[in-house]
Amino acid sequence: MDIVFIGLIFVLMNALKLLKKYIIDSQIFVSMMGTFFAIFFMLEQNTFRWPTVALLFITYFSGYLYTKYQNTKHFPTILVLNCFAGIISAILIILNHNEIRLLKWFFIILLGLLYNSSFLETYIRKIPLLKVFYVGLIWGLMNCWLTLPEFSFPIFLISFLFITALVLPFDIRDMKSDTVMTFPKIIGVQNTKYLAYFLIFAATILSVFYLEFSFSLSFFVSSIFTFILIYFSENSNKDSYFSLWVELCSALPFLFLILFEKLYLY
């Protein structure tokens, strides 16, 4: 039995290593999380379409690859991949949507380029404290504008507040290596957590008032788990705590929605 147990542990550890290498480090995981977060709001607004899901994933994936591989030897390959992804995205929009959505998508792409493009003298990621809000802005626009016929301010606020809160633990993780001033460096780790709690709480309150009951319930339960993960966020934690578990929080509203439906809770 001991040999079997040790064997199972060995298999599990190797599976986790493969997961980190091929799913998390490749930016597939964060792209899936962003896509699931958007699907949650598409379902609430009855705008779910598979071409839109494909567009969201491709946009997130190419954007995060662009950010990760700048100033590396792989960047020329990533640029080619991004150009190909852009063509595929444009085709998806033209065939399944309209020119307005194409303009929306192009505007969000430009915002993404402003976030972390080394060819710019000053880009958003270099500006102290702005990074967390800018990431929330882009994810919010993906959820409330790109995927919907008209801009939804409540969905924007919920997305913006929730994602901004989720970026703060990553600032805690990177506080010793960041070259710009971030909230943990200025107000400390504990106060950064308080700020994240406030943002999550505000997003949850808004969800109660503006989302249908089943969706607000799923968001509420997700917020509880998010509170817990923020509470245990420390600079000494392993990278996988943030890149796996904290990153997973953005998909929790969708996952709990599906789980509760399967359990016939509403």
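The values are calculated or read from the model by the stated rules, or taken from the named source; none is laboratory data. Just so we're clear, the structure is a prediction, and the values are computed from it rather than from any experiment. Positions of Cβ are generated from backbone atoms using ideal geometry, with glycine treated the same way; all protein chains shown enter the neighbour counts. Note: accessible area is taken over every heavy atom of the protein model, side chains too, but ligands, DNA and RNA are not part of it. Shrake-Rupley method; radii C 1.70, N 1.55, O 1.52, S 1.80 Å.
Before moving on, here are some points about what is shown:
- Extended-chain gain in nm, criterion 0.36 nm per residue less alpha-carbon gap, F106 and Y210: 34.6 nm
- Net charge dipole, the chain: roughly 500 debye, given to the nearest 20, about the Cα centre with Cβ charges of +1 for Lys and Arg and -1 for Asp and Glu.
- Rolling a 1.4 Å probe over the protein heavy atoms leaves L259 with an accessible area of roughly 80 Å².
- Stokes-Einstein D for the chain, Kirkwood Rh over Cα pairs, 10 °C, 1.306 mPa s (µm²/s): 81 µm²/s
- Averaging Cα coordinates gives a centre for segment 201-255 and one for segment 146-169; these two points are 13 Å apart.
- Under-5 Å amide H pairs with H97, H placed in peptide plane, nonlocal only: none
- Lys/Arg +1, Asp/Glu -1 at C-beta; segment 67-130 dipole; positive extreme among T72, L111, I88: T72
- Positive-end extreme of charge dipole, the chain - chosen from F170, Y264, Y194 (charges on Cβ): F170
- Computed lengthening from A202 to T179, 0.36 nm per intervening residue step minus Cα-Cα distance: 5.3 nm
- Debye, to nearest 20: dipole size of segment 168-266, +1 on Lys, Arg Cβ, -1 on Asp, Glu Cβ: 160 debye
- For the chain, the membrane-span-like helix rule (DSSP H, alpha carbon extent of at least 30 Å along the helix axis, mean Kyte-Doolittle at least -0.5) picks out 75-96, 153-173, 189-210; this says nothing about an actual membrane.
- Only one residue of F242, L229, P253 has its Cα farthest out toward the positive end of the dipole of the chain, where Lys and Arg carry +1 and Asp and Glu -1 on Cβ, and that residue is F242.
- Within segment 185-210, backbone nitrogen closer than 13 Å to the virtual label 7 Å beyond the Cα of E234 toward Cβ: 190
- Average accessible surface area per residue within segment 222-261, 1.4 Å rolling probe, Å²: 47 Å²
- The modelled label-to-label distance for the pair T77/S26, using points 7 Å beyond Cα in the direction of Cβ, is 1.2 nm.
- Estimated Rh, segment 141-266: Kirkwood, alpha-carbon pairs, angstrom: 15.3 Å
- Summing Cβ point charges (Lys, Arg +1; Asp, Glu -1) relative to the Cα centre of segment 67-221 gives a dipole of roughly 480 debye.
- A run of the chain free of exposed loop cleavage sites, with GluC sites (Glu not before Pro) counted only in DSSP states other than H, G, I, E and B and at most 10 other beta carbons within 10 Å, reaches its longest extent at 1-120.
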